[in-house]
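Report on the following structure.
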2 protein chains.
Amino acid sequence: MTNSNDCKEGNIRARIHPLLAYLQEVHAKYADSRDGALADYIPELSRADPNWFGISIATIDGQIYQVGDTAQDFTIQSVSKPFVYGMALQDNGLAYVNDRIGVEPSGDAFNSISLQKDSGRPFNPMINAGAIASTGLILGDNFEQKYSRLLQTFSDYVGRPVSIDESVYQSESETGDRNRAIGYMLRNVKKLDSAPEEVLDLYFRQCSILVNCRDLAVMAATLANGGVSPITGKTVIDEWCVTRVLSVMSTCGMYDYSGEWIFRVGMPSKSGVGGGIIGVLPGHLGIAVFSPLLDERGNSVRGIQVFSELSEHFDLHLFNVNRSTKSVIRSRYSADKVGSKRVRPESEMKLMSELGKRITIYELQGDLTLASIEIVIRDIMALPDTSEYLIIDFKRILGSDRPALDFFFKFFECNFDQIKDVICTHVIDHPELVAVIESFGLSSFFRVKTDTDDAIEFCEDLLLQNQIQPRTNYELTELPDFDLLRGLHSEEVNTLLRLLNKRYYEDGDAIIKQGQPAEAIYLLAVGQVSIYIDLPNGQKRRLTTCSPGMAFGEMAIIERSNRSASVIANGKVVCYQFPLEAYEKLTQTYPSIKFTILENIARRLSVRVRKLTDEVRTLSQ
Amino acid sequence: MTNSNDCKEGNIRARIHPLLAYLQEVHAKYADSRDGALADYIPELSRADPNWFGISIATIDGQIYQVGDTAQDFTIQSVSKPFVYGMALQDNGLAYVNDRIGVEPSGDAFNSISLQKDSGRPFNPMINAGAIASTGLILGDNFEQKYSRLLQTFSDYVGRPVSIDESVYQSESETGDRNRAIGYMLRNVKKLDSAPEEVLDLYFRQCSILVNCRDLAVMAATLANGGVSPITGKTVIDEWCVTRVLSVMSTCGMYDYSGEWIFRVGMPSKSGVGGGIIGVLPGHLGIAVFSPLLDERGNSVRGIQVFSELSEHFDLHLFNVNRSTKSVIRSRYSADKVGSKRVRPESEMKLMSELGKRITIYELQGDLTLASIEIVIRDIMALPDTSEYLIIDFKRILGSDRPALDFFFKFFECNFDQIKDVICTHVIDHPELVAVIESFGLSSFFRVKTDTDDAIEFCEDLLLQNQIQPRTNYELTELPDFDLLRGLHSEEVNTLLRLLNKRYYEDGDAIIKQGQPAEAIYLLAVGQVSIYIDLPNGQKRRLTTCSPGMAFGEMAIIERSNRSASVIANGKVVCYQFPLEAYEKLTQTYPSIKFTILENIARRLSVRVRKLTDEVRTLSQ
């Protein structure tokens, strides 16, 4: 273990994030280094301050840790190449771009004029020839449109409008004859559709875009996040293009140092003579270092030092194997273990403790890829034959591959002999998923529900329909049918009836209000009521729904507390209201009635404690 | 969408895994192809059957899907190179190996004799020169030892003893003069420590090792799984070596086709003239294809076709970004929301509903890397100042980077002003984690508990100690102190006392047995009891522990059911036994006593229903 990040009085007080503390140490370690030289092929670059030194790390959820001169503007130079190659791919498709630009590393210098012998293509988009060919592939009706799209794309990457350094652009243009030679050579072999002068002008502007170290880290993090900006949430580049951009960065990003770089540092990277280097750890981080002192290859000296140090210290290597695919199933349970939140009459609860086994709930998480879907499919195939209803909860899914999703849904179609119904929940946040579900089509087989509790309740209702006499909501429930009054003799029922008040409610009426004193127990005779709690944010959350034959409001009576929830009528409702005072008086007047009611309440609570304890155990597994 | 994997009658009946069904289609698609030619530089290879064709996929948890001639033996040839390079790294360390073998792609042929100009090293370990240098680095006192280690390593990779094809070895040895030239040249530039003839003999044997397609898939999956065999669970190669092996496979594995291969197929790969190709999708899969018909580069024609098809169909690309780091926190809650399973007296439960906020539980999952740890640290830093106890549950962790763990624990040390105690649970299955915890040292600050429920209970006890009069276990609890008897007048208590039997138990005595009829309620006066349920597998699970002042056995009385759990004395125990008969008689004799008891039972159950409902909601978030 190194001494870095030791506890320091200052850190504790300020509650500084330890990653920031670590970066401060690394920055201090190299701050005094003056190795390397400023780029001098144009005067503007040689005027940079050799002290400039910044380090920025951006996470894929948009946190930025940075130290040093991370707000200092400089020109992006060659760091623009992978991003413009990404534009070329997105604008023209894979085949067209592959026909014009290769993807093999070249042993030659970055400004080599040589082309691949067989195909006449530039070796790859990270050397100047390939980069100019990429710029030539930006779509637009005219120069202005192309230039505006270029600036817009970079603005989308960094999350603010970018502009170019005019004097650098002028100098690049004035001294850019070698690049012009490359342009004409490309035109000569038909790898450039537009006029070379126009493409070159765009290319010189592209290299002169002003960025800072933080911007570059955010750009790298956007690639690390599959093309979605972690700052703005906007998709800047499609995922299939990101895959290809990272591929060429990994094999060609550091010119003839690329093999060593991937081996040692292990991040697809790109450097520019402006002093910037970016590195992408896909699915993890984007990193940028800025220091304009360059080595003989044109890479920032401190940039390479810091990347090496960070990679080694934290094992930030691409091939550090991530095994998260294994945990794609967050939880799997059946509805006899964790049922819907709906409170049901005892008879239904008893049935569900058996029928619930036919409903299986899968909570998936992380990324859906072939490897993770394979695990889910294998698990589903191993379910007992009694599993008829599948609920797939996508709430915790972070990303998904379209082919893997297609594969998954195809699998369901092929298993319709066993599975009666597949219900997907929490799909709305996943456009990929919505598209796949639409392509398969909703039916009585494939369904979508907002949340998993809804879906479980829906399946429970389907199963119960076949088992019990359906009770319509508009039929008055007789008193002896109430769970709470089970075991009362008929004369006791008649006695009780005189103590109850029949109450009528319209849709939306509040029968009980949260926070009020408990004044009665309610027996629901007709209709449905929903129980809500008020959330601190002013919204309401539905806890459950009650059907005729059930009581509500008894818990506050038992606990002698105020109402802990509100009860609202769903449509027309009829209740027997049992005033607290009448209930209390039973102790003296008809103790046997009170004993029966109290024992029924206690029994029902005891059954619920047992069931909820099971649910907690299942959910914590 | 392609038509592949359409529902087929056969598939449904046999319940065939759709991945296998898909592989069968791909196999059928290319089965009749006769493109390419058999290797003919030695007669043994030219005698292969051109029909041979197998595809195997192995997952990182050891599932194998395969079709065709996957059990047919053939010689491993160049596919051995990355694995022997891995041995060289593990035997000699990174610096020593780097000094002898480069990692840059070379534009030259695989059997080129050229070396890197500056360093005199072979360009990389995937061409013959680098591979022979790797073989020369296998440690051992003599040839026999080295050869035996070589065979043992490959046996460990495939999960069964391997042997060599003697006649191929003889032929390779007889025709291997170019490789001998390479060997002597390496010796000449001091990149070979042993006698070239000995190294070459080992190299020819290495190339002649007999494997089949399934073996190669398992070897690839072992790399995909960070060096741990998914079949045997044995660590065949350390993770830091896997990282480097995959790096050179990605940049140099397919010779001068490597850039294109990573771009198109996106898997670190290696082929051999025996007809095998392996591909590794780190953290996901290992794939192998076997077909001895080769293209002019020496790669299996159908091998390349199948890899391209699989990669394209399923987006099996290395740079398909995995975002699982984002879901490292499976769940975060405080103990007022989900407390320990310990059933506590009402007074303690009431206290815990406030004090529980000081205990925060983190359930982590997936891989612990810098990026995922950063998220956890950020979350912990945002906790309110009242969070004093942290419980970190590592149960669902699949892998961890040592530097990330060091970073994590260092962070705790630096935050001791707020955090009083950090308790790690389920650490035992993670040797890396145990090592880090040991390096930091257990203390009253860092603790380890077997499971999270233990840890929560431990923290609750610490918090309660400071709040309530500690009640020793050996002091007789007076009847009015029992939750169940709250509200009884002193004369009622005296009446009740005559109905109770005082019972004494020794450690391990079963006070209640699961499945028996419920015959009494028990009031625990001295000592502790634990409640267990029998599991179907014959084991017992502890549900909870009760302390003096609490009742047990009342739920079966309320539900009029048999005992659903067993209750065992922890040490010496004294109970007041309240026989069912006596309890029932109270209805007639002393109804007021029974009302009080029944209301106390119902109130307590109601409170538990409320608390458990909260827990279920918290755990399902």
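Points to keep in mind about this one:
- The protein assembly as shown: C-alpha pair distances exceeding 61 Å, %: 24
- Quarter of the Cα convex hull surface for the range B:208-314, i.e. its orientation-mean projected area (nm²): 6.5
- Three semi-axes of the equivalent ellipsoid, the range A:110-192, Cα gyration tensor, whole Å, largest first: 25, 16, 12
- Cα centroid separation, the range B:262-289 to the range B:548-617: 64 Å.
- The overall shape of the range B:163-222 is oblate: from the C-alpha gyration tensor, with semi-axes ordered a ≥ b ≥ c, the ratio a/c is 1.5 or greater and a/b is no larger than b/c.
- Extent of the range B:329-466 along its three principal axes (Cα atoms, max minus min coordinate, largest first): 45, 28, 27 Å.
- Whether the range A:37-166 is rounded, prolate or oblate, judged on the alpha carbon gyration tensor where a/c under 1.5 counts as rounded: prolate
- With the cut-off at under 17 Å, measuring from each backbone N in the range B:540-571 to a point 7 Å along the Cα-to-Cβ line of B:ASP507 picks out B:568-571.
- Exposed loop sites were defined as GluC sites (Glu not before Pro) in DSSP loop states (anything but H, G, I, E or B) carrying at most 15 other C-beta atoms within 10 Å; in chain A the longest segment without such a site runs A:1-295.
- A run of chain A free of exposed loop cleavage sites, with trypsin sites (Lys or Arg not before Pro) counted only in DSSP states other than H, G, I, E and B and at most 16 other beta carbons within 10 Å, reaches its longest extent at A:298-419.
- In sequence order, calculated HN-Hα J values of the range B:55-63 (Karplus, 6.51, -1.76, 1.60; Hz; x Gly/Pro): 10, 10, 10, 10, 8, 6, 10, x, 7
- Antiparallel beta bridges, as assigned by DSSP with both residues in the protein assembly as shown, represent about 75 percent of the total such bridges.
- A Förster radius of 60 Å, combined with the Cβ-Cβ distance separating A:ALA195 from A:LYS357, puts the computed FRET efficiency at roughly 0.25.
- For the protein assembly as shown, a crude dipole built from +1 on the beta carbon of Lys and Arg and -1 on the beta carbon of Asp and Glu, taken about the Cα centre, is about 2740 debye to the nearest 20.
- The range A:143-180 and the range A:417-454 have their alpha-carbon centroids 46 Å apart.
- Each Cα pair under 8 Å and six or more residues apart adds its sequence gap; the mean of these over the residue count of the range B:329-466 is a relative contact order of 27 percent.
- Relative contact order of the range B:479-620: 33 percent, from C-alpha pairs under 8 Å at least 6 residues apart in sequence.
- Placing pseudo-labels 7 Å out from each Cα toward the beta carbon at B:GLU312 and B:HIS489 gives an inter-label distance of 9.2 nm.
- Label point 7 Å beyond Cα along the C-beta direction, distances from A:SER347 to other copies (nm, shortest first): 4.6
- Cα centroid separation - the range A:85-103 against the range A:356-386, whole Å: 38
- From the largest down, the range A:14-68 spans 43, 25, 16 angstrom on the principal axes of its Cα atoms.
- Approximating the spin labels as points 7 Å out from Cα along Cα→Cβ, the B:ARG34-to-A:ASP385 distance works out to 4.7 nm.
- Inter-site label distance for B:ASP481 and B:SER46 at 7 Å from Cα along Cβ, in nm: 9.7
- Relative contact order (%) - the range B:136-198, alpha-carbon pairs under 8 angstrom, separation at least six: 30
- Selected from A:ASN320, B:ILE287, A:TYR532, residue furthest toward positive end of dipole (the protein assembly as shown; charges at beta carbon): A:TYR532
- Farthest toward the positive end of the dipole of the protein assembly as shown, out of A:ALA602, B:ILE127, A:LEU137, is the Cα of A:ALA602, where the dipole comes from beta carbon charges about the Cα centre.
- The value for chain A of Rg(Cα) / (2.2 N^0.38 Å) is 1.34.
- For the range B:479-620, the alpha carbon positions stretch 47, 38, 25 Å along the principal axes, listed from largest to smallest.
- DSSP loop chymotrypsin sites (Phe, Trp or Tyr not before Pro) with at most 14 other Cβ within 10 Å excluded, longest remaining stretch of chain A: A:42-415
- Label-point spacing at A:ASN570 relative to the other copies reads 4.3 nm, in ascending order, each point sitting 7 Å out from Cα along Cα→Cβ.
- For B:LYS357, a cut-off of 13 angstrom between C-alpha atoms picks up these aspartates and glutamates, skipping any fewer than 8 places away in its own chain: B:ASP336, B:ASP385, B:GLU388, B:GLU460.
- Rounded to the nearest 20 debye, dipole of the range B:479-620 from Cβ charges on Lys, Arg, Asp, Glu: 300
- Label point 7 Å beyond Cα along the C-beta direction, distances from B:ALA510 to other copies (nm, shortest first): 5.4
Quick note: the coordinates plus some simple rules give every number you see, no bench work behind them. Not measured: the values here are computed from a predicted model. Here Cβ is always computed from backbone atoms with ideal geometry, including for glycine, and neighbour counts include all displayed protein chains.
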